[in-house]
1. Suppose we filter ILE205, ILE218 for residues that are more than 23 Å from MET104 (Cβ to Cβ), of a type in the set (A, V, I, L, M, F, W, C) and touching a residue at least 24 places away in the same chain (Cβ under 8 Å); which single one remains?
2. Scan (1) touching a Leu at 6+ places or on another chain (Cβ under 7 Å); (2) of a type outside the set (A, V, I, L, M, F, W, C); (3) at pLDDT 95 or above for the single condition PRO147 breaks and write down its number.
3. Go through region 208-235 and report how many residues are modelled with pLDDT of 90 or more and farther than 19 Å from ILE46 by Cβ.
4. For region 100-122, name all the residues that are in contact with a helix residue (DSSP H, G or I) (Cβ under 8 Å, 6 or more places away or on another chain) and free of Cβ contacts under 8 Å to residues at least 40 places away in the same chain.
5. Failed condition for LEU137, given (1) modelled with pLDDT under 90; (2) of a type outside the set (Phe, Trp, Tyr); (3) farther than 27 Å from GLN225 by Cα, with all others met?
6. Inspect all residues belonging to region 118-130 and state whether any of them is of a type in the set (Phe, Trp, Tyr), farther than 25 Å from ASP24 by Cβ and surrounded by fewer than 19 Cβ atoms within 10 Å (Cβ to Cβ).
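The values are calculated or read from the model by the stated rules, or taken from the named source; none is laboratory data. Note that the structure is a prediction, hence the values are computed from the model and not measured. Counting neighbours? That spans all protein chains shown, and the Cβs are built from the backbone with ideal geometry, glycine included.
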Amino acid sequence: MTKNKQDPKAFVFIAIYAFIVLLDLVCSSNDSFYALRYYTKPAILIALILFFIKQKKELSTSVFRLMLGALLFSLAGDILLLFVVKSQLFFITGLVMFLLAHIMYTFVFLKKRNKQNKNKRFLLLTILYGAGLFYLLYPRLEDMLVPVALYMLVILVMSNTAYLRQGKVSVQSYIMVFLGSLFFMLSDSILAFTMFYKPLVFDNIWIMTTYATAQILIVYGILKQKNNAFLQQVK
């Protein structure tokens, strides 16, 4: 295998993953197929988890366990959010699951923290972004004020720890993970905006597209951190 040869398994999985996401988007946008979301939505993370387990070869045990925990908590969150129409309790417990997922990701990213990397500008940008979104949502949060504020804080910390990996991992790994954290922040922002401010046109499509993109970028980026056989020099 030449150095620049692309890994066909990676592209097969990308195609499968994209198909599952597309299928879920179709089901979420059509009342006739909406019941199938109980299968298509969990299938997104299940596929990603299985692929991650198969490709984790050179990852350390601690990183593997934290990543697997983050993905499993995300899967639990996905399932719980399918039932929010029945009770707000499902939303709160789903929020907790994703909160734990973000904490797991944060610990993974901190393992490759570049202590020489100064984070003042990006930290300031994320603080301003979070404060602006919170200010917009604040009047309508009511009983959800504390949970949403805590969740926003955790995801902003997660994004900042992804930023701090610069210079300690490969460029591909850094870009993938950092972009993944930003897509995660965007997805959660859209979800919060639609739930507590006002619905957007095709909001679920935007939420699920950015969410699925976030998860696959983070997983790919972490795999690329150690497993150089994965996505060999894709250019």
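1. Answer to the selection: ILE205.
2. Exception for PRO147: condition (3).
3. Applying the first criterion (modelled with pLDDT of 90 or more) to region 208-235 yields 208-223.
Adding the requirement that they be farther than 19 Å from ILE46 by Cβ leaves 210, 221.
Summing the residues that are modelled with pLDDT of 90 or more and farther than 19 Å from ILE46 by Cβ in region 208-235 gives 2.
4. If we filter region 100-122 for residues that are in contact with a helix residue (DSSP H, G or I) (Cβ under 8 Å, 6 or more places away or on another chain), which is where we start, we get 100-113, 117, 119, 122.
Selection gives LEU100, ALA101, MET104.
5. (1)
6. Within region 118-130, one or more residues are of a type in the set (Phe, Trp, Tyr), farther than 25 Å from ASP24 by Cβ and surrounded by fewer than 19 Cβ atoms within 10 Å (Cβ to Cβ).
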